[in-house]
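The values are calculated or read from the model by the stated rules, or taken from the named source; none is laboratory data. Small disclaimer: the values here were computed from a predicted structure and weren't measured. All Cβ positions, even for glycine, are placed from backbone atoms using ideal geometry, and neighbour counts span all protein chains on display. Surface areas here come from the heavy atoms of the whole protein model, side chains and all, with no ligands, DNA or RNA. Shrake-Rupley method; radii C 1.70, N 1.55, O 1.52, S 1.80 Å.
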Amino acid sequence: MLDFTNFKSVISVINHFNSEDVCRQTLAEVRWGDDVVCPHCGQHHCVRRADGRFRCNRCKHNFSCLTGTIFENTKLPLQKWFIAMYLISSHKKGVSSCQIMRDCEVTQKTSWFLLHKIRGLYGITDEIALDGEVEMDEMYLGGRETNKHESKKTEGTQGRSTKTKTPIFGMVQRGGNVVAMKVEDAKGATLMPIVSQFVESGAVTYTDEASIYHKLSENGYEHLFVNHSQREYVRANDIHTNGIEGFWAHFKRVIFSTYHMVSKDYLQRYIDEQVYRWNTRKWNASQRFEDMFKKACKVFDYTDVLSLSSVVSIEHFREYRMMYYNLWKSTHCA
Ligand SMILES: [Zn+2]
């Protein structure tokens, strides 16, 4: 089995993945080990054909180690994919598509596509549960009106207005993980269900004075807050929201310094990327690369479909497979 601790720099990635064959072999090994499973019907122990692809002896489909992964149908050498994956996972502030374009010798269009596919992997995480002491806050992404040209200014966009800005809601467990997401608006009715989904009841929550958080105590949380409008930032040493503010500061730095501009449609992917970086901040580059590599091998297959209660037998599987596979692809790989 491949020892990922050897990947200490991008040089070691280039040296190891020195041919398309090695890339494919490694991918197949990490994806299946010794037991090649058919991505179409779940049959085990499929046989390797002379051309390097596999054939299922039950459903008679041919497939390769790329079938169902983000690499499916790629025309780019896998080595370039893996270099890009290493770069994006090892740089603390992320890499721009211009950087990948130069480092991997691809066009900017390819580079942009590559980064978005890879970034899509960050969203695949097990649901994180926050407990203990949890800070929460919302931030707004979008230019300040005062900095805009007269012709581009919009009236009434101060404060929590979402006319020209996109609200992002974040929660951090002190000393632990962050959860953050783009939201429609920053109203209590929108945010409370998100809090219940991720924060264990009984947790101590810290916020600013905003009225949207007043319902926290009714929802089974202890609620303590500071009054930012009164310039109160810390009370009694531990009542503050400095943890989540720190995450926002980091997030804004990355968005403005590396990516410069982020479209609303893809914002969640950039958030996922920074949340992932934050939650794996104690890992080194090779651990992050290993995790990303394994995520890239994780595909929607037979066992996932069977876990859906609507699929009752293998006969149903084929039709459901296409439907859910397309759905899976559109959320994770588009
Ligand atoms: Zn099969």
Taking θ = phi - 60°, what integer Hz values does the Karplus form 6.51 cos²θ - 1.76 cosθ + 1.60 yield along the stretch 204-220, in sequence order, with x for Gly and Pro? 8, 10, 10, 9, 8, 7, 3, 5, 4, 9, 5, 7, 4, 5, 6, 9, x
Links that overshoot a 30 Å alpha carbon limit, given the list 117/165; 8/264; 60/80; 80/165; 264/295: 8/264; 60/80; 80/165
With +1 on each Lys and Arg Cβ and -1 on each Asp and Glu Cβ, how big is the dipole of the stretch 1-117 about its Cα centre, in debye rounded to the nearest 20? 340
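Report in % the part of the accessible area of the stretch 6-61 that belongs to carbon and sulfur, leaving out ligands and nucleic acids; probe 1.4 Å.
Values: 1590 of 3240 Å².
Looking at the stretch 6-61 in its full context, I get 49 percent from C and S.
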Work through the residues other than residue 1 whose Cβ is under 13 Å from its Cβ and net out their charges, Lys, Arg +1 and Asp, Glu -1. -2
Loop trypsin sites (Lys or Arg not before Pro), the stretch 68-129, which have at most 16 other Cβ atoms in a 10 Å radius of their Cβ (DSSP): 75, 92, 93
Provide the per residue accessible area, probe 1.4 Å, for the stretch 1-141, rounded to a whole number of square angstrom. 48
Modelled FRET efficiency - R0 25 Å, residue 197 with residue 239, Cβ distances, 0.05 increments: 0.55
